[in-house]
Structures are given as structure tokens and as C-alpha cells.
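The values are calculated or read from the model by the stated rules, or taken from the named source; none is laboratory data. The model shown is predicted, which means the values in this text are computed figures rather than measured ones. Backbone-built Cβ (ideal geometry, glycine too); neighbour counts: all protein chains shown. Just the protein is used for accessible areas: all its heavy atoms, side chains included, with ligands, DNA and RNA removed. Shrake-Rupley method; radii C 1.70, N 1.55, O 1.52, S 1.80 Å.
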Amino acid sequence: MAPLSRGILPWIVAILLIGAAAINPVEFKTSADFDRATQSTGVQTFLKLGLGAGVAAIAALALLVSPRTRRVLSSVPAAALVALGIVFLATSVFAMAEIRTISVASALLYMVYLIFLAAALATLGVRNVVGCLIAGSVLYLVFTLGLYVVFPERGQFVEYTSDADSVIRMGGTGHPNNIAKTAIATGLALIAMLVGTAKGKLAIGMRDPWVRLFCIGSLLLVAIVMVGTMSRTAILAGGAATAMLLFDRFYGRGGVVLFVSAVSFVMVAVLAVSLLTGEGPLSESAVGAVTKSGDVEEITSLTGRTVIWEEAIGFIAQRPVTGWGLDSAASVMSKRATGTHNLLLHVSFSAGLLAAAILAGLLVSSFLFGALSEHEWIRAVMVYVLVSGLVEDTIFESFPTTLTMLWMVALMAPVVETLGSNDSSDVNSSRFDTSKIDSPSLAEDAHSGG
């Protein structure tokens, strides 16, 4: 039984990771009408729930038989993530009656995915976990682009900028901003695979030429999706994260070239806008040219976010201790809001100020850890969450998507270095080697009675 389990269990973990990254973001959508992911009765919801059941089974098994998993969860960041999940569960009980079940389900999903990711790190190692998330995300982006090109009536998202005007963006499998968020998170991990080191338990760099070719092709896919979604928030946050990812390469001749190229790009963009509008770069017409509606107020109000933040703060003040429950914004806030559009406000609204305080500690850790980490992918993920979180909910969806899972993995990853020589990641491997999945991990822990 031990050899059989050793071969099957890690593969199950890998398949669940790929499936979660590919299926969890899918929420068929062609307009701004918002439905909660856990309320939909579509096929995609049943697939997500099926994945959740598999994830929960592995999480329970890992807690029972895997000392490595328990060790990952005992690290300070993981303990804080667990504490946040406990607050989510406790406060969801006090959600409004009509959304209480949904809120509790969302909190449970958060907890089982957190434990599952810890088990995946203990079983597969960092490189393979990130590789699985990338593979699943690429499948999702391919499906999204295919829907947009082949069936435009199902793959386009119509966003009304006024009563009479609208903008067509790539949608179909979710809100364009959410699609862009997954695309940027995937792109950052792909760049880290291309430029990062291949040595060390936390490294994800790849040197195999076929894998690198896959990464380059997938980056082209990411670029096409970003153009189609027209998500300025994702592009700006992704730019900041990319700069942080490449920070240690800014020194020397290569850094000078990158800096000059970036400055030149900005100058050319400003000049192009001025030539198109016939006015100065700070004129009303020029500024309006970079908005969707052509209205400068779209920038000064952060696309209406200032009004939404005021509304969210008013609701938080009504229930500062318990919040309104996870996945409740669509039911509680006005139709134009659909969410708080700020990460700390999102958690405060959902689970109260205690949850917000725990998250604030995690974000401080993300900032310090992200700025100091020697690993490119960790720096990039942390910075992207911090920058995007200023104007979007960003993480803590009903069904965790790629960015949320990468953030959790990045916070918990350092403890992998302390797991000892039996850790399943090959510290000298430069390829995604499936043979390394057949390694002593959950199965051997179970066989040894751990």
C-alpha cells in the first residue's frame, strides 16, 4: 500500500491544484449584473464544489497524518492566516439570514484551501506547487480568450460608461478586472520562472528549453488578455510588481537599459496622447483620452471608488465587530458598488475590525517580506497584492483563485526550507520534473504513523 499511495497521493494534489486554478475563477459574465459565486447554480459552481470536496479530503488527511503539513501551518504567517479563517467562520454565523449559509460556506472554503496549500507545499515543494497553479491559470486564460474570439456574444463584457455609451471588454468567464488579475498573477510567476534562479527550495526558475518556450508563449497569451480586458488597475499594479520582481537586476548595464526603456515608453505615451488630442499632456482633453468614458472625473474619483468607499465605511460602522458576512457585498451594498474596492475595507465589511487587524499584520509582513525576499516571485506576488489591494478587493474570493493561492503559498513558503532532506522539492532541479512528485510526503507520513 505504501508505494501505491506514494505514487497516487501527490498526483491527486497536483491535479486539484491545476483544477482549482483553472475552474475557480470561472463565473460566466457578459455584463455588470453581479451574482455571488456561491449562489450560482451553473455547471461551473458544481465543478468548484466538487473540487472543494476533494481539497477538503486532502486537507483533513494531511492534518491527521502529515507532520510536515502541521509544521508548515505552525509558522507565524500560516498561524495568522488560520486565525483569520477562524474569525471568518465565527463572524459568518452572524451574517443576515438570507446569506448566512453562503457566508459560512465561503469561510469553510477559505480554511480548507489554506490547509490544502500547506499540504501541497509539504508534498510537492514550492516549484511544483507554483508550476501547477501556472498550468491551471494558463488553461483558464486559453478558455477565456477562445470564448472571446470564437463566441463573442458569450465572451465579451459590456460596460456602460454612461446611460448611452458603453465599452466592450474581454469577459465571458468573469469580470474583466478579475480576468486581468489572474492574467497578471500568472504573468509574474512566468517571468520569475524565466529570470529566477533554479537553485534552492524556494526557487522556481526553469532552465529546460521546452519549459522556457512554454513560459514565453504563455506570456504572449497574458499580454493579449490584458489588452482585451483593459484593466488599468491590474496593469499599474502589475507594473509595480514587475519592477519589484526585477529589482535586483536594475544594477549595472542591464538596469540602465531597463530604466531608460521605461522612461522612454512613458515619454512616448505622453507625446502620443498630446498629438492625438492637440493639447498639453495635463489638459482635460488629454487626461480624458486615457479614460474609458472620456470624463476626467473618472480619474479624480478613481472610477467612482471614492463614493463606494464612503458607502462601505458607513456599513462597517453599523457592524464593526461581526461585519456582514463573507460574500455579502452584493446583497448589502448598492448595485453600483458590488464590492468595497479596497482590501482592508473588504475584510472589515465581511468579518469586522478584528479580521481587518489580522489582515493588516499580514500585509505589513507582506511588505517587509516582499521587499527583503531574495526570491523574485515572492517579491512580485507581495507587491501586486499590496498595490492592487488599494483599489480592489483583490483576494479572499468565495472560491480562491490563483492570486489568493499564490499569496498564501508565498507567505508559508519559507518554512519549507526547514522541513529537512525529505522535502519533495529537488533543490537542484531546473525543470518541472513529475518524477519528483513520487516522493516521501503525505504517504510516507501516513505509512510511518506520523
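Side notes on the structure shown:
- Ranked by how many other beta carbons lie within 10 Å on average, peptides 371-381, 50-60 from highest: 371-381, 50-60
- Each residue of segment 349-366 was assigned a 3J(HN,Hα) from its phi angle through the Karplus curve 6.51 cos²θ - 1.76 cosθ + 1.60 (θ = phi - 60°); the sequence is 5, 7, 9, x, 6, 5, 4, 5, 5, 5, 5, 4, x, 5, 6, 4, 4, 4 Hz, with glycine and proline shown as x.
- Cα-based Rg and Dmax for segment 33-146, where Dmax is the largest Cα-Cα distance (Å): 15.9, 46
- Distance-filtered residues of segment 131-173 - backbone nitrogen under 16 Å, label point 7 angstrom along LEU220 Cα→Cβ: 142, 145-146
- Nearest-0.05 FRET efficiency for ILE8 and LEU64, computed from C-beta distance (R0 25 Å): 0.90
- Added length on full extension, which subtracts the Cα-Cα distance from 0.36 nm per residue, PHE28 to VAL307: 97.7 nm
- Per-residue extension of 0.36 nm, minus the Cα-Cα distance of ALA97 and PHE151, leaves a gain of 15.6 nm for this segment.
- Amide H contacts under 5 Å for LYS29, placed H, 5+ residues apart: GLY172, THR173, GLY174
- Whole-Hz Karplus values for segment 390-402 come out as 5, 10, 9, 5, 6, 10, 6, 7, 4, 10, x, 9, 4 Hz, taken residue by residue from phi with 6.51 cos²θ - 1.76 cosθ + 1.60 and θ = phi - 60°; glycine and proline positions read x.
- Surface composition of segment 125-197: carbon and sulfur atoms hold 61% of the protein heavy-atom accessible area at a 1.4 Å probe.
- Sequence-distant residues sharing a close amide H with VAL167 (under 5 Å, placed H): GLU159, TYR160, THR161
- 1.4 Å probe accessible area per residue over segment 37-193, in Å²: 36 Å²
- What the phi angles of segment 224-234 give under the Karplus curve with 6.51, -1.76 and 1.60, with θ = phi - 60°, is a coupling list of 5, 5, 5, 4, x, 7, 6, 8, 5, 4, 5 Hz, glycine and proline written as x.
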